[in-house]
Amino acid sequence: MAFLPQLRRSPEATPIYVSSGLAFVPLARFPGYCATKAAVHSFTMSLRHQLKETGVKIIEPIPPSVASELGKASKTNEPV
């Protein structure tokens with residue numbers, strides 16, 4: 001929020017906040033990760049609303065599931 005005035009002054013600014021599908025369909029095994037990604041999504045939507053009448057574009061990529069330690073642990077019930 002501290003950068004909001006600066007973003008408004010920069011009509012071509014494009015902040016990028018990386019979210020996750022787990023923001024929408026959380027896994028109970030990873031509540032902290034899912035909750036923070038849901039917060040990123042909510043924050044991104046709020047920024048878009050606040051900056052809708054400016055030239056600032058807010059981007060929120062939501063990458064697909066990938067092979068990672070997080071995904072591996074969720075399938076094998078091993079700790080991360």
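The values are calculated or read from the model by the stated rules, or taken from the named source; none is laboratory data. In this text the structure is predicted, and so the values were computed from the model without any measurement. Methodologically, a virtual Cβ is constructed for each residue, glycine included, from the backbone with ideal geometry; neighbour enumeration extends over all protein chains shown.
What's the number of the only condition in (1) surrounded by 10 or more Cβ atoms within 10 Å (Cβ to Cβ); (2) modelled with pLDDT under 90; (3) polar (S, T, N, Q) that residue 77 fails to meet?
Unmet for residue 77, out of (1) surrounded by 10 or more Cβ atoms within 10 Å (Cβ to Cβ); (2) modelled with pLDDT under 90; (3) polar (S, T, N, Q): (1).
In the range 28-53, which residues are closer than 20 Å to residue 69 by Cβ and either surrounded by fewer than 12 Cβ atoms within 10 Å (Cβ to Cβ) or not hydrophobic (A, V, I, L, M, F, W, C) (or both)?
Listed by number, the residues that qualify are 28, 29, 31, 32, 33, 36, 37.
If a residue has to be loosely packed, with under 13 Cβ neighbours inside 10 Å and in a helix (DSSP H, G or I) to count, how many in the range 54-70 make the cut?
1
Report the residue count in the range 1-27 for those that are loosely packed, with under 12 Cβ neighbours inside 10 Å, at pLDDT 90 or above, assigned to a loop (DSSP other than H, G, I, E, B) and among the hydrophobic types (A, V, I, L, M, F, W, C).
Number of matching residues: 1.
Of everything in the range 28-47, what is in a loop (DSSP other than H, G, I, E, B) and not aromatic (Phe, Trp, Tyr)? Give them in sequence order.
Those that are in a loop (DSSP other than H, G, I, E, B) and not aromatic (Phe, Trp, Tyr): 28, 29.
Residues of the range 27-38 being within 13 Å of the chain's Cα centre (by Cα) and touching a residue at least 12 places away in the same chain (Cβ under 8 Å), which ones? Working first, answer last.
Step one: list which residues in the range 27-38 are within 13 Å of the chain's Cα centre (by Cα), which gives 33-38.
Scanning the range 27-38 gives 33, 34, 37, 38.
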